[in-house]
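Worksheet: one structure, shown below.
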Amino acid sequence: MRLTPIALSMALALATMATAGHGQRPDDQIDARSLALLQQGQAQTSASQYGEAIDSLESALAVDPRNRQAYVALARVAQAQKLPGKATRLYGEALKLEPNDLGALAGQGEALVQRGAVERAKRNLERIKSLCNNACPQATTLAAVIAKGPPPEVVTARAAPTVPPTTTKN
């Protein structure tokens with residue numbers, strides 16, 4: 001009986017602390033060092049210093065793996081290096097942290113088109129349209145990329161079947 005008020009007050013304090021942590025957006029809690037490394041990586045990407053940008057962005061993720069924008073920036077570097085498969089995977093990591101990130105959805109759709117997976121890119125476009133109430137720039141950009149289609153080298157590679165040469169034994 002004497003411990004009931006103490007137990008109730010402790011339970012109330014724990015419940016209050018737990019809800020305060022869940023009330024914040026994940027991006028509000030990103031380590032400042034990670035954000036500084038992200039900015040450094042973005043500047044290096046703008047200067048086409050991709051190796052240095054990758055180092056900075058991976059360091060940003062090592063400091064704080066919840067830095068969704070670092071995943072997006074790494075994916076953009078991968079796209080600039082013509083690595084759409086890697087870009088798709090990195091956008092997927094960003095989408096695990098925030099499934100409704102319009103920028104990551106559009107970027108992943110662009111990478112999918114680069115890779116030749118136009119149908120999957122169209123699914124991303126539909127998802128973006130369902131998240132936007134009005135016309136949003138991400139949907140417009142992705143629709144234009146889908147309309148343009150995959151790069152010619154991807155189309156050529158998919159059109160030419162690879163048939164192994166036949167050997168005859170005597």
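Key figures for this structure:
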{"read-out": "Accessible-area value, SER48, 1.4 Å probe, nucleic acids and ligands omitted, Å²", "value": "70"}
{"read-out": "³J(HN,Hα), Karplus 6.51/-1.76/1.60, whole Hz, each residue of segment 59-70, x for Gly, Pro", "value": "5, 4, 6, 5, 5, 8, x, 8, 6, 4, 5, 5"}
{"read-out": "FRET E, pair GLU52, LEU97, Förster distance 22 Å, beta-carbon r, rounded to 0.05", "value": "0.35"}
{"read-out": "³J(HN,Hα) computed for each position of segment 32-42 - Karplus, 6.51 cos²θ - 1.76 cosθ + 1.60, integer Hz, glycine/proline x", "value": "5, 5, 5, 5, 5, 5, 4, 4, 4, x, 5"}
{"read-out": "Two-site label geometry, ASN134 and ALA36: point separation in nm, points 7 Å out along Cα→Cβ", "value": "3.9"}
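The values are calculated or read from the model by the stated rules, or taken from the named source; none is laboratory data. This structure is a prediction, so every number in the text was calculated from the model and none was measured. Counting neighbours? That spans all protein chains shown, and the Cβs are built from the backbone with ideal geometry, glycine included. Surface areas here come from the heavy atoms of the whole protein model, side chains and all, with no ligands, DNA or RNA. Shrake-Rupley method; radii C 1.70, N 1.55, O 1.52, S 1.80 Å.
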